[in-house]
Amino acid sequence: MRHLHFTFRGDHYEVDENGRIKANGLQYFSDNWLFLGGTKHHWSNTITVPLREAFKDPKLLNGCLGFDKDHGTIREWGGQYNGKLPRITNAYIK
């Protein structure tokens, strides 16, 4: 199975084709934490690069804010990192 890899806020994320995330020291992919995709527009609450498109062309995620579903709640990733709005970088498939 292919995996999507990227960096966000200095942390490495690995996502399987079902959207399950392995990050933050997790040994296995989480069944309750799913990556949904991303958007380049910080004021948008709509996913413009869904997971399926990210697996076709992972570079589309570079510069995006992420969206996940954690225990049933959909969240847009945000906060600040080095004084700026954090973005997904270094997206690739392995």
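Read-outs: derived from the displayed coordinates by stated rules, not from any lab. Everything numeric here is computed off the predicted structure, so don't read it as measured data.
Here are the numbers for this structure:
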| quantity | calculated |
| --- | --- |
| Long-range tail of P(r) for the chain (Cα pairs > 18 Å, %) | 38 percent |
| Among LEU51, LEU65, LEU26, residue whose mean-square fluctuation peaks in a GNM of the chain (springs only between Cα atoms under 10 Å) | LEU26 |
| GNM result for the chain, Cα springs below 10 Å: residue of PHE55, PHE67, PHE29 fluctuating most strongly | PHE29 |
| Most fluctuating residue given options HIS41, HIS12, HIS71, as computed from a GNM of the chain linking Cα atoms under 10 Å | HIS71 |
